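Here's the structure we're looking at; comments come further down.
The values are calculated or read from the model by the stated rules, or taken from the named source; none is laboratory data. Everything numeric in this text was worked out from a predicted model, so none of it was measured. Cβ coordinates were reconstructed from backbone atoms using ideal geometry, including for glycine residues, and neighbour counts include every protein chain displayed.
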Amino acid sequence: MDWAALVFLAVMIEGIVTYGSTICPKGKCQWKMLFSMLLGIMVAINFKIDLFQMFGVESAVPLISKILTGIIISRGSNYVADLLKITQTVFNKS
């Protein structure tokens, strides 16, 4: 695995953990966020969208990378655009 892929994975994990920590703050779940996450996962699986594969990171279990992709796209277009901008910058430098 090259450095760009490692940075991509780090950014993805940080985004997912940050998003996950805001779903049920203080024990009260945000149903809109949960619905958005479920919808994002369903879209990623149905349309076979895999951000990891797009950036050359092969998954041993493709379903997991599609689920993680669904969580990322559920955050919305601004977040995905920022993520793509960061990762393209990293991949273009390597």
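Worth pointing out:
- When restricted to residues that are surrounded by fewer than 12 Cβ atoms within 10 Å (Cβ to Cβ) and in contact (Cβ under 8 Å) with a residue 12 or more places away in the chain, segment 5-29 contains 0.
- Segment 14-94 holds helices (runs of 4 or more DSSP H) entirely within its bounds, and those carrying 2 or more residues that are out of contact with any helix residue (DSSP H, G or I) (no Cβ under 6 Å at 6 or more places or on another chain) and at pLDDT 90 or above map to 31-46, 62-73.
- Filter result (surrounded by 18 or more Cβ atoms within 10 Å (Cβ to Cβ) and more than 17 Å from Ile13 (Cβ to Cβ)) within segment 30-53: Ser36
- Hey, Ala4 small (Gly, Ala, Ser) and either in contact with a strand residue (DSSP E or B) (Cβ under 9 Å, 6 or more places away or on another chain) or not in a helix (DSSP H, G or I) (or both) or not: no
- One residue stands out among those in segment 57-76 that are within 12 Å of the chain's Cα centre (by Cα) and more than 18 Å from Ala5 (Cβ to Cβ): the one that is surrounded by the most Cβ atoms within 10 Å (Cβ to Cβ), which is Gly70.
- Cβ-Cβ contacts under 7 Å between residues 6 or more apart (or on different chains), taken from a first residue in segment 78-94 that is touching a residue at least 40 places away in the same chain (Cβ under 8 Å) to a second residue that is charged (D, E, K, R), are listed as Ser94/Asp2.
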